[in-house]
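Let me begin by presenting the structure, written as structure tokens, before commenting on it.
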Amino acid sequence: MSLQSSRVIAFHAKPQPSFNKNFDLLIRHLHEMKAAGYETYICSENPKQFDRLAAIFRELKADVQFMPVEIPIHEGFIDDDLKIEVLTDHQIFQRYHQYKIRQGFSKDTALNYRVLRELAPGDYVTHIDHGIAKFAGLQTIDIGGQKQEAVRLNFKNNDIVYVSIHSLHKISKYLGKEGEAPQLSKLGSDAWKQLKARTKRKIKDIAAELIKLYAARRAAKGHAFPPDDVLQTELEASFLYEDTPDQFKSTQEVKADMEKEYPMDRLICGDVGFGKTEVAIRAAFKAVADGKQVAVLVPTTILALQHWRTFTERLVDFPVTVDYINRFRSAKEKKGILEKLKAGQIDIIIGTHALLGKEVGFKDLGLLIVDEEQKFGVASKEKLRGLKVNVDTLTLTATPIPRTLQFSLMAARDLSVIRTPPPNRQPIHTEIRVFDEDLIQEVIHTEVNRGGQVYFVHNRVNDLPKIVETLKRICPETDVAMAHGQMDPEHLEKVLVDFIDRKFDVLACTNIIETGLDIPNANTIIINRADMFGLSDLHQLRGRVGRSNQKAYCYLFAPPMSVLTQEARKRLKTIEEFSDLGSGFQVAMRDLDIRGAGNLLGGEQSGFIADIGFETYQKILDEAIQELKETEFKDIFQEEIAQKGTYVRDVTIETDVEMLIPSEYVTNTQERLNLYTELNGIENEEGITSFAQRLQDRFGKLPSPVNALFDGLRLQWVCKKIGFERLILKGGKLRCYFLGDPQSSFYSTEHFLKIMTFLQKHGRIMGVSLKQTNKELILVQDEVRSLKSVKSLLEQIISAID
């Protein structure tokens, strides 16, 4: 049966005109449409685009009006009947419009840092005050007739310490040398205290050296770049993809650093393919826009070529000259480039360590970008230091080696972390397999048939031709190319460029592709003898695939697990386990487990780490730096100390109020411990609300001891604000202990003076007094009804001094 209708519906609509990023044309069009009585709407998924447009219109002194609509549509249109035009931001800025794909299950919540550090009975732990013990699980204990839950720790000679669930921050899993059991500490002896003091002294020496370097840079006169102009706004808006929140934040931090008087030294740490290069391009453009030159230093020849392509393509619409220098360029070409560089005719120069040579001179260098700094040798790093003194420096790394993170921790440089993957990026499917020709054939056919390309990594140059023959034999219809570092430079460049241009299906190569080769069309990688690679190398190699929204695959070929060393087994399992996006940090944490934390932080540190465990080492390191900032280097960090506000790092609460997660409410002990650990990390009221909501959804109505737990947490926050390190509430008596270090700069702050003035005036009325002992200053109240009344008392003090 056919349906027929005589009605004709007429649409008087036409597509959005093309403005080719010409904003004068856009402004003229908007004025014409307004004069013709049309209303203009601009659609964008990202509200920041409206701010960018408004900034561009302001800069061009254009008086135009539009209605922002925070909804993405695929294409804009003009409707002549309704007299409206609807424009899209991505067509104005000539960007791709990406469809939103529904996100599948993501493991990022399931396999996180907490699980990595999950404690099981029998594990070695470090207690910051008492030393190394064995973790013996949770136990319910009786305090003043009330039930409390505590963590039980077994020390030497079977001595036991119960640690309140409010002091979980004092315990950390012991990470020391692989396969070596640590010595348990003896309670009541001074050995642990002395060890901590020795470690702190040693750390202070190292940290002081680093802070001196940092201070020299702070004191050095750098170039303060001006705020963004219209070209910068246009460049950022023309990025083909949506900025991830971390990418946006990193860009803002870098630009803010560049606008400061002293030289920038910022490290951007982000997983492979998470958009660090885009942040670098924006920084480079900001420098060039102010008439400065930019040097981009990369570890490999191939990467120099790849970066040159990326920078050139990205800046094609802007008046910027980009060139590169590496061993592929002839002597004549190099000479010409260096002359242009000295004359200021090249804005951005990209190169390997050849850029650090004596013959290289700049007319006016304003920004140095270093990619994968840890890949450079010691000599190159020394030369770099000389270059860095009063030039803004931006370092990019995809391998979050804890050592680099250490230096950032040490305030020797600032750190931005890009953790969010680009939208529509999928985790890389990773499998450990034994070498198998049938599997190789299947894998290559599957990838080539969907229009993709394959990397086959084999790290022995001598055997590589045999591998190529094998691949050609089992997949005769595919084109296989070979690449390794000992090839003639021109030939190597041609092979890689041809692979980028899709002239080959399979690239059999050494780990020359490890750093930065960016080919979105290659989405399968086979790594032969993966057991011979280091963890960060495997992570980097795997990061060569999965750089588009195609599902990517990584196959790790190794001999059977039974014949591998324990370390190799762990490395492979780690890479397979952390196949998620942004798993670089977890990989680095597990790397600490595998290699033993010591090797990572230099010889002189390894002894301390083996004695006290990595996380405790990190805590002491943090304390040492804070102390240095507040004493020896307080002039440099004046601003930071003034902004700091809190001097107390951790608050210990001891009470006989029943506060716990009852075992009949959450029966699984490990789950209760996880919940306590999570609760310990909550820092605001929203965190408590969301935590309570999740508990209620999973386990039902909250029992009153859990609500008391929340009150205990709120008390910790209030104590931190005032300056109390310890709060004891037992038998209706309250004791609050001020900071234990009498040398702390806290005692000379206006904040402390205000507290003292307030307590002298109102203490008696409130029923509180101050007690001074040889070592401590204590606030005392003798008749306390409840936790809530303690909180309201302390809040009164805060409101009076704020």
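The values are calculated or read from the model by the stated rules, or taken from the named source; none is laboratory data. What you see is a predicted model; the values in this text were computed from it and never measured. We place every Cβ from the backbone using ideal geometry, glycine too, and count neighbours over all the protein chains shown. When the accessible area is computed, the model is the full protein with side chains, heavy atoms only, and any ligands, DNA or RNA have been set aside. Shrake-Rupley method; radii C 1.70, N 1.55, O 1.52, S 1.80 Å.
Identify the single condition in (1) in contact with a strand residue (DSSP E or B) (Cβ under 6 Å, 6 or more places away or on another chain); (2) open to solvent by 60 Å² or more (accessible area, probe 1.4 Å) that VAL480 does not satisfy, given that it satisfies every other one.
(2)
Which members of the stretch 229-276 meet the condition of being assigned to a loop (DSSP other than H, G, I, E, B), charged (D, E, K, R) and surrounded by 19 or more Cβ atoms within 10 Å (Cβ to Cβ)?
GLU242, ASP243, ASP271
Residue by residue through the stretch 339-359, note down the ones that are in contact with a strand residue (DSSP E or B) (Cβ under 8 Å, 6 or more places away or on another chain) and free of Cβ contacts under 8 Å to residues at least 40 places away in the same chain. Write out each step before concluding.
Of the residues in the stretch 339-359, the ones in contact with a strand residue (DSSP E or B) (Cβ under 8 Å, 6 or more places away or on another chain) are 340-341, 344, 346-356.
Within the stretch 339-359, LYS340, ALA354 qualify.
Could you tell me whether any residue of the stretch 279-301 is outside any loop (DSSP other than H, G, I, E, B), of a type outside the set (Lys, Arg), farther than 24 Å from ASN549 by Cα and at pLDDT below 90?
yes
Would you confirm, using the coordinates I've provided, whether LEU305 is at pLDDT below 90, farther than 17 Å from GLU359 by Cα and open to solvent by less than 20 Å² (accessible area, probe 1.4 Å)?
So LEU305 fits the description; yes.
So ASP142 passes all but one of these: (1) in contact with a helix residue (DSSP H, G or I) (Cβ under 6 Å, 6 or more places away or on another chain); (2) of a type in the set (D, E, K, R); (3) open to solvent by 30 Å² or more (accessible area, probe 1.4 Å). Which condition number does it fail?
Exception for ASP142: condition (1).
For the stretch 474-488, enumerate the residues that are under 15 Å from PHE456 (Cα atoms) and either over 33 Å from the mean Cα position of the chain (by Cα) or in a helix (DSSP H, G or I) (or both).
ILE474, CYS475, THR478, ASP479, VAL480, ALA481, MET482
Residues of the stretch 215-256 being closer than 21 Å to THR420 by Cβ and acidic (Asp, Glu), which ones?
GLU236, GLU242, ASP243, ASP246, GLU253, listed by residue number.
Which residue out of HIS491, HIS539 is part of a helix (DSSP H, G or I) and buried (at least 24 other Cβ atoms within 10 Å of the Cβ)?
Exactly one of HIS491, HIS539 is part of a helix (DSSP H, G or I) and buried (at least 24 other Cβ atoms within 10 Å of the Cβ), namely HIS539.
Could you check the stretch 692-715 and list, in sequence order, the residues that are of a type in the set (Lys, Arg) and either open to solvent by less than 20 Å² (accessible area, probe 1.4 Å) or touching a residue at least 12 places away in the same chain (Cβ under 8 Å) (or both)?
ARG714
Considering only residues of the stretch 344-355 that are of a type in the set (A, V, I, L, M, F, W, C) and modelled with pLDDT of 85 or more, which is surrounded by the fewest Cβ atoms within 10 Å (Cβ to Cβ)?
ILE346
What's the number of the condition TYR41 fails, among (1) touching a strand residue (DSSP E or B) at 6+ places or on another chain (Cβ under 9 Å); (2) in contact (Cβ under 8 Å) with a residue 40 or more places away in the chain; (3) of a type outside the set (A, V, I, L, M, F, W, C); (4) part of a helix (DSSP H, G or I)?
(4)
Is there any pair linking a residue in the stretch 12-23 that is closer than 14 Å to PHE318 by Cα to one that is of a type outside the set (S, T, N, Q) and open to solvent by 80 Å² or more (accessible area, probe 1.4 Å), with Cβ under 9 Å and at least six apart or on different chains, and which?
LYS21/ASP317
Restricting the stretch 744-795 to residues that are of a type in the set (Val, Ile, Thr) and not in a strand (DSSP E or B), which is surrounded by the most Cβ atoms within 10 Å (Cβ to Cβ)?
My answer is VAL790.
Name the single residue, out of those in the stretch 55-83 being over 31 Å from the mean Cα position of the chain (by Cα) and small (Gly, Ala, Ser), that is most open to solvent (accessible area, probe 1.4 Å).
Per the stated criteria, the residue is ALA62.
Any idea which residue in the stretch 545-571 is modelled with the highest pLDDT, counting only those that are surrounded by fewer than 21 Cβ atoms within 10 Å (Cβ to Cβ) and part of a helix (DSSP H, G or I)?
VAL563
Every residue, every condition in (1) without any contact (Cβ under 8 Å) to a residue 60 or more places away in the chain; (2) closer than 30 Å to ILE92 by Cα; (3) β-branched (Val, Ile, Thr), yes or no:
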{"residue": "ALA181", "(1), (2), (3)": "yes, no, no"}
{"residue": "LYS186", "(1), (2), (3)": "yes, no, no"}
{"residue": "SER189", "(1), (2), (3)": "yes, no, no"}
{"residue": "ASP205", "(1), (2), (3)": "yes, no, no"}
{"residue": "ALA208", "(1), (2), (3)": "no, no, no"}
{"residue": "LYS212", "(1), (2), (3)": "yes, no, no"}
{"residue": "HIS223", "(1), (2), (3)": "no, no, no"}
{"residue": "GLN232", "(1), (2), (3)": "yes, yes, no"}
{"residue": "ALA237", "(1), (2), (3)": "no, yes, no"}
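Do we find that GLU658 is at pLDDT below 75 and open to solvent by 20 Å² or more (accessible area, probe 1.4 Å) in this structure? Before the answer, list the steps.
Working: at pLDDT below 75: no; open to solvent by 20 Å² or more (accessible area, probe 1.4 Å): yes.
Criteria not met by GLU658.
Can you tell me which residues in the stretch 154-191 are at pLDDT below 80, surrounded by fewer than 12 Cβ atoms within 10 Å (Cβ to Cβ) and not hydrophobic (A, V, I, L, M, F, W, C)?
Within the stretch 154-191, GLY179, GLU180 qualify.
Run ASP371 past the list (1) modelled with pLDDT under 75; (2) under 23 Å from ASP257 (Cβ atoms); (3) not small (Gly, Ala, Ser) and report the number of the one that doesn't hold.
(1)
For ILE369, are the conditions met, namely being of a type in the set (A, V, I, L, M, F, W, C) and closer than 26 Å to GLY534 by Cβ?
Working: of a type in the set (A, V, I, L, M, F, W, C): yes; closer than 26 Å to GLY534 by Cβ: yes.
Taking the combined requirement at face value, the residue satisfies it.
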